[in-house]
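The values are calculated or read from the model by the stated rules, or taken from the named source; none is laboratory data. Here the structure is a predicted model, which means the values were calculated and not measured. Heads up, the Cβs are rebuilt from the backbone with ideal geometry, glycines too, and the neighbour counts pull from every protein chain shown. Just so you know, the surface numbers come from the protein's heavy atoms only, side chains and all, with ligands and any DNA or RNA stripped out. Shrake-Rupley method; radii C 1.70, N 1.55, O 1.52, S 1.80 Å.
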Amino acid sequence: MLNKKKEAMWRVIQKFDEARSSIGADFDHTGAKSPADKFFTETDIGKEGKVWKSTLAETIKGSIADAIGGVTQWFNWSRQDRYEDWNKEPKWVGKNDSRGKW
């Protein structure tokens, strides 16, 4: 019997992948800049910024980029953890196995 739990887990992974693409967290696969790098290089705050020019602004800009990087990393690790859980599940289970009746 097909493992229905594994199928449900795969749908969760697909949602992670859609979200990763949407927020740019899949930069490691697309070759694009990471969301943190994008923020750091494309934001008009900092020493050379147009919105807020100062050393303090540069420091805050770096702190925000670090936070974005941390969230992106956590998101990608969470997706990887779900993938590893999915990968451990067998594709086929016995007819009396509860994983086949999700």
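Which of the lysines could a cross-linker span from LYS47 if the Cα-Cα distance has to be under 22 Å and same-chain partners fewer than 8 positions apart are dropped?
LYS33, LYS38, LYS61
Could you give the dipole magnitude of the chain about its Cα centre, charging the beta-carbon of Lys and Arg +1 and that of Asp and Glu -1, in debye to the nearest 20?
Computed about the Cα centre, the dipole is about 600 debye.
Over 10 Å intervals from 0, what percent of Cα-Cα pairs in region 1-40 sits in each interval?
Spelled out per bin, shortest first, that is 29, 35, 22, 12, 3, 0.
Considering only protein heavy atoms and a probe of 1.4 Å, how much of the accessible area of the chain is carbon and sulfur, as a whole percent?
55
May I ask you to give the solvent-accessible area per residue for region 1-99, in square angstrom, as obtained with a 1.4 angstrom probe?
Normalised by residue count, the accessible surface of region 1-99 is 69 Å².
Relative to the present Cα-Cα distance, how much length would full extension add between ALA19 and LYS33 at 0.36 nm per residue of separation?
Computed gain between ALA19 and LYS33 is 3.4 nm.
After finding the eigenvalues of the alpha carbon gyration tensor for the chain, what semi-axes result from the square roots of 5 times each, listed largest first in whole Å?
Semi-axes from the Cα gyration tensor: 43, 11, 8 Å.
Looking at the chain as a GNM with Cα springs under 10 Å, which of ARG11, ARG79, ARG20 has the largest mean-square fluctuation?
Of the options given, ARG11 has the highest mean-square fluctuation.
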